[in-house]
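As structure tokens, the structure follows; a few thoughts come after it.
Any read-out appearing in this document is the output of simple, stated calculations on the displayed coordinates, not a laboratory observation. No experiment lies behind these values; they were computed from the predicted model shown. Don't worry about glycine lacking a Cβ; one is built from the backbone with ideal geometry, like all the others, and counts go over all protein chains shown.
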2 protein chains.
Amino acid sequence: MASEEKVTFNIDKNRDFGGWYNEIVAKAGLADLRYNVKGFVVFMPWSVASMKVMYDLWEKELEKRGHLPALFPALIPESNFLVEKEHVEGFAPEVFWVTERGGGEKLEERLGLRPTSETAMYKMYSMWIRSYNDLPLKIYQSCQVWRHETKATKPFIRSREFHWIEAHDVFACREDAEKQVLEDMEITRICLLEQLGVPFLFFERPQWDKFAGADKTFAADCLMPDGKVLQLPSTHVLGQNFAKAFEVKYVDKDGSEKYGWQTCYGPAISRIFAGVISIHGDSKGLVFPFNVAPKQVVVIPINFDINPEVKKKAEELEKKLSGRFRVVVDFSDKRPGEKYYYWEMKGVPIRLEIGPKDLEKKSVVLVRRDTGEKSFVKEKDLTESVEKLGRDLTESLKKKALKDFNAKVVEAKSMQEMEKALSEGKIVRVNFCSLELGAVKCAEEVEKKLGARVRGKRVDLEEKPSGSCLFCGRKAGVVAYIARQY
Amino acid sequence: MASEEKVTFNIDKNRDFGGWYNEIVAKAGLADLRYNVKGFVVFMPWSVASMKVMYDLWEKELEKRGHLPALFPALIPESNFLVEKEHVEGFAPEVFWVTERGGGEKLEERLGLRPTSETAMYKMYSMWIRSYNDLPLKIYQSCQVWRHETKATKPFIRSREFHWIEAHDVFACREDAEKQVLEDMEITRICLLEQLGVPFLFFERPQWDKFAGADKTFAADCLMPDGKVLQLPSTHVLGQNFAKAFEVKYVDKDGSEKYGWQTCYGPAISRIFAGVISIHGDSKGLVFPFNVAPKQVVVIPINFDINPEVKKKAEELEKKLSGRFRVVVDFSDKRPGEKYYYWEMKGVPIRLEIGPKDLEKKSVVLVRRDTGEKSFVKEKDLTESVEKLGRDLTESLKKKALKDFNAKVVEAKSMQEMEKALSEGKIVRVNFCSLELGAVKCAEEVEKKLGARVRGKRVDLEEKPSGSCLFCGRKAGVVAYIARQY
């Protein structure tokens, strides 16, 4: 495969992120863009192996908190789509429709490829839920969805087919639904920040930028190296909108019939992958956090061709480590230096070098991908050392990313400061009139004048506005954040 | 949910398999058939949790043997389908076609929902493979596929959407491709027989019953309680048919250009699930092999409502076991007897009972789902005892299933014996003229007269035919097997 070619990767992602991204997607074998349907890509082994681990991370956290896995059909009848008005308006333009089968036999009803599964799931929920005993109902599915995006596609970041998890929950009261949204944010923090080292801010989106059919939308924005934010998991208080449309009702303890309160949460694994590689990558290529690396350790035997003992030892070490880690050993006939470059570009967190001298000392050399730091480790301590080095590497990546991110969240008190901050690729804190629909004119000005968007207000802080809105001059009602976006 | 209702399941699957199957699918919460697209079902948590483990089993074995995971688009352009003639003839009648998007805008080309992925993958393979260094190429994807089946659908057994793994490999020569097929059979043996306890015979299918586009098809048939065989994983020698059609070529060591040799292997996880539950289930309901049970242990606390120590201990035991097993504790207010019935019906392999008397003795009671056997186990030995009991249970299920299966593979020397054996739900060994196309008339007679099909010849044995074909009287050229089928 193309990915096996000789590689010396050297692009500064902070100067030319577009170039870095396109090149690494090709060179590291992450996706192949030559598939002959526009907007669709082939996800290649080196990304899929990592995404599989990410799926596991999220699924475990969801299940720990009472979510059960299910699998709903990918095809949704058009009549289901038509049930909730706002939802259909939001998604209808993007739906791919199955209209015929076989030689051209028309179907009785158009079937939409799920762009998201509310309309498939909630019709079933209305049959499953009878009484308060059936609540809460917390179900997730890991699947792919299809949306005919009109914006330019970019592998992992935006494509017409992507891979995600969607969790759809029903509660007896509004309070429980709102608690669920906090739980979804906590899951996001644990997986995205703690395990993948990707910093983000959770914003409550303005009313004009909600999920179609939701009362409130909360979304995690991370910051890409080119200064644009990328929306990662979002979670939505659906209120009773869908419940009323789909008749999701239950009989309460007092015998009265009530509508359920719903939430949904959608971590898009393929997009999260984009965030992870973009934020941690460097000029040599990919840098994976230890836990989600497709291979965690690469064993490079030195002079194994003239020293069979080295070859034997390399195989032995691979076997030993494989019980606990994902390991690859490189016995190709490239020079060691070439192998170093290659596996650095692929982002393998730890390189293990073993040569004739090490044999005598019963030790090996471990090299960290992020810092290039070498350590000499006794063979008997190998497993623990790899474990620790992996943990340290992930922790370093997180700290570095957090430092970068925090430095890029700044305040603007004037339009000039705002323009400067945006041009420097920052997320800008600003006094703003409101996040209700009445402020949509100011939001349009933000888009037109600044090429940026109002991301909403922070969820983790209560911030008090002061002075007046930078755009309309009215009294500021909220502290909002503005950024350019994907 | 409906599954939480009071249940006393009592159906003899050997007398009324159809009734048993439909009832357990509903009662145990395996699938919901009320989804409003014909032939599509919702796979419910209790089956999905088990299928997820089955996916893991197969993926691990595939990866151990050098397969890499990838994800190809679900949509395949019509032009790709048209490339391989036999393939398109086989699959075209069943394809669901996407023809429009949004409000009704026609797509330039019809896009088929993948019924299987040869035509999506091999076009890419032709770009990826350049030289002998790129071979073998071994890639799998875990995904769902869609086929507009005209036969009656039945959840898990046959539906218009199902969940499977497909592995697609390319080799430099025919010998390597044929070795791969043996490897696929070995993976099947390890997963299906050793881990899931499902006995089967691998048959080479007759020429008239091959996968569309293959040179040879091998498929594992298991035997359902109603005496019909169910085809589980199949693996195919594709030869160079697709390679020639899709230009999957490589430059060999001597500089000459050659076509690749291909194989594909397709374990259908949702269908395998049907085999597992049907073969191990009993009149009380499901019986899961330990490793793939959605929950492996159910903790039933006795008199916990009047004795808080029991409640505490039950929670403690659940926590302790959860580190290693999938555990559920039942604190509902049903009587213990009702709980026993319910969790037996759900097929949980081990029931742990803990009551006031057990507290004093620092022991618990473990009950095996398959035999009902009780054992008293000291708390300190609990983890090991559960581990061992689980292993024993799986081993017993396998042995019992093998004994049943072997007793149902019989020989017929006359048409009378054949009819009798088929009516008793057996797989029948018979002298047969041939498995080449010339014998298709005999095969038709088998179908018309006996309502059965020629499954092919065994792969695990070389069997010498004798005498003449039971159907046409010509000299027998092969020992074939005949059975009724799903």
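Observations on the structure shown:
- Neighbouring Cβ atoms from other chains, within 10 Å of the Cβ of residues in A:369-377, number 0 on average.
- Signed unit charges on C-beta, dipole axis of the protein assembly as shown, positive-most listed residue B:ALA172, A:LEU238, B:ILE300: B:ILE300
- Checked against a 32 Å cut-off, the cross-linked pairs A:LYS334/A:LYS378; A:LYS400/A:LYS441; A:LYS52/A:LYS249 give Cα-Cα distances beyond that limit for A:LYS400/A:LYS441; A:LYS52/A:LYS249.
- Here A:SER434, B:SER396, B:SER79 are placed in order of increasing Cβ neighbour count within 10 Å, fewest first, which gives B:SER79, B:SER396, A:SER434.
- Rounded if a/c under 1.5, otherwise prolate or oblate - the stretch A:285-354, Cα gyration tensor axes: oblate
- Label point at A:ARG65 placed 7 Å out along Cα→Cβ; residues across the stretch A:458-477 whose backbone nitrogen lies under 16 Å: A:459-460
- nm² value of the averaged projected area, convex hull over the Cα atoms of the stretch A:409-485: 4.6 nm²
- Residue mean of other protein chain beta carbons inside 10 Å, A:71-83: 5
- Euclidean distance between Cα centres, the stretch B:364-379 to the stretch A:389-428, Å: 58 Å
- DSSP beta bridges in the protein assembly as shown [antiparallel fraction, %, rounded to 5]: 80 percent
- Rounded if a/c under 1.5, otherwise prolate or oblate - the stretch A:1-102, Cα gyration tensor axes: prolate
- The same position B:PRO93 in the other copies lies at 4.2 nm from this copy, comparing label points 7 Å beyond Cα toward the beta-carbon, shortest first.
- Partner lysines for B:LYS374 [C-alpha distance under 18 Å; skip if fewer than 8 residues away on the same chain]: B:LYS284, B:LYS339, B:LYS357, B:LYS361, B:LYS362, B:LYS388
- Förster radius 45 Å - calculated FRET efficiency between B:ASP305 and A:ARG189 (Cβ-Cβ, nearest 0.05): 0.75
- On the principal axes of its alpha carbon atoms, the stretch A:123-218 extends 46, 30, 29 Å, with the longest extent given first.
- Summary of packing: across the peptides B:435-442, B:118-125, the per-residue average of other C-beta atoms within 10 Å ranks them, highest first, as B:118-125, B:435-442.
- Base-10 log of normalised Debye intensity for the stretch B:381-454 (one unit scatterer per alpha-carbon) at q = 0.21, 0.22 Å⁻¹: -0.92, -0.97
- Net charge of neighbours whose Cβ lies under 15 Å from the Cβ of B:ARG101, counting Lys and Arg as +1 and Asp and Glu as -1: -1
- Two-site FRET efficiency, B:SER375 against B:LYS399, from Cβ-Cβ distance with R₀ of 22 Å, rounded to 0.05: 0.70
- Each copy carries A:ARG174; placing its label point 7 Å along the C-beta direction from Cα gives inter-copy distances of 7.4 nm, listed from smallest up.
- Shape category assigned to the stretch B:38-176 from the gyration tensor of Cα positions, a/c cut at 1.5: oblate
- Per-residue average of Cβ from other chains inside 10 Å of B:145-156: 1
- Among residues other than B:GLU379 with Cβ under 10 Å from its Cβ, the summed charge is +3 (Lys and Arg +1, Asp and Glu -1).
- Charge dipole magnitude, Cβ of K and R +1, D and E -1 - the stretch B:409-485, Cα centre, debye nearest 20: 80 debye
- When each of the peptides B:32-42, A:301-311 is scored by how many other beta carbons lie within 10 Å of its residues on average, the order from highest to lowest is B:32-42, A:301-311.
- Largest first, the three principal axis extents of the alpha carbons in the stretch A:302-409 are 55, 29, 23 Å in whole numbers.
- Other copies of A:GLY337: label-to-label distances in nm, shortest first, labels 7 Å along the beta-carbon direction: 8.2
- The stretch B:2-280: translational diffusion in µm²/s, Stokes-Einstein, Kirkwood Rh over Cα pairs, 10 °C, 1.306 mPa s: 79 µm²/s
- Surrounding net charge for B:LEU321, when Lys and Arg each add one and Asp and Glu each subtract one, Cβ distance under 12 Å: -1
- Rounded Å value of the spacing that divides the Cα centres of the stretch A:218-269 and the stretch A:34-64: 23 Å
- Calculated FRET value between B:GLU109 and A:LYS52, using beta carbons and R₀ = 35 Å, to 0.05: 0.65
- Listed residue pairs exceeding 31 Å between alpha carbons, taken from A:LYS398/A:LYS475; A:LYS154/B:LYS179; A:LYS244/A:LYS426; A:LYS85/B:LYS27; A:LYS210/A:LYS258; B:LYS216/B:LYS464: A:LYS398/A:LYS475; A:LYS154/B:LYS179; A:LYS244/A:LYS426; A:LYS85/B:LYS27
- Nearby aspartates and glutamates by direct alpha-carbon distance to A:LYS449 (threshold 13 angstrom, same-chain neighbours under 8 apart not counted): A:GLU419
- Here chain A has an Rg and Dmax of 25.2, 82 Å, counting Cα atoms alone.
- Spin-label model distance (nm) - B:LYS361 vs B:GLU175, 7 Å beyond Cα toward Cβ: 6.4 nm
- Euclidean distance of C-alpha centroids, the stretch B:271-319 and the stretch B:446-472, integer Å: 44 Å
- Within the stretch B:297-389, DSSP assigns beta bridges of which about 55% are antiparallel (rounded to the nearest 5).
- When the P(r) of the protein assembly as shown is calculated, the portion above 49 Å amounts to 27% of the C-alpha pairs.
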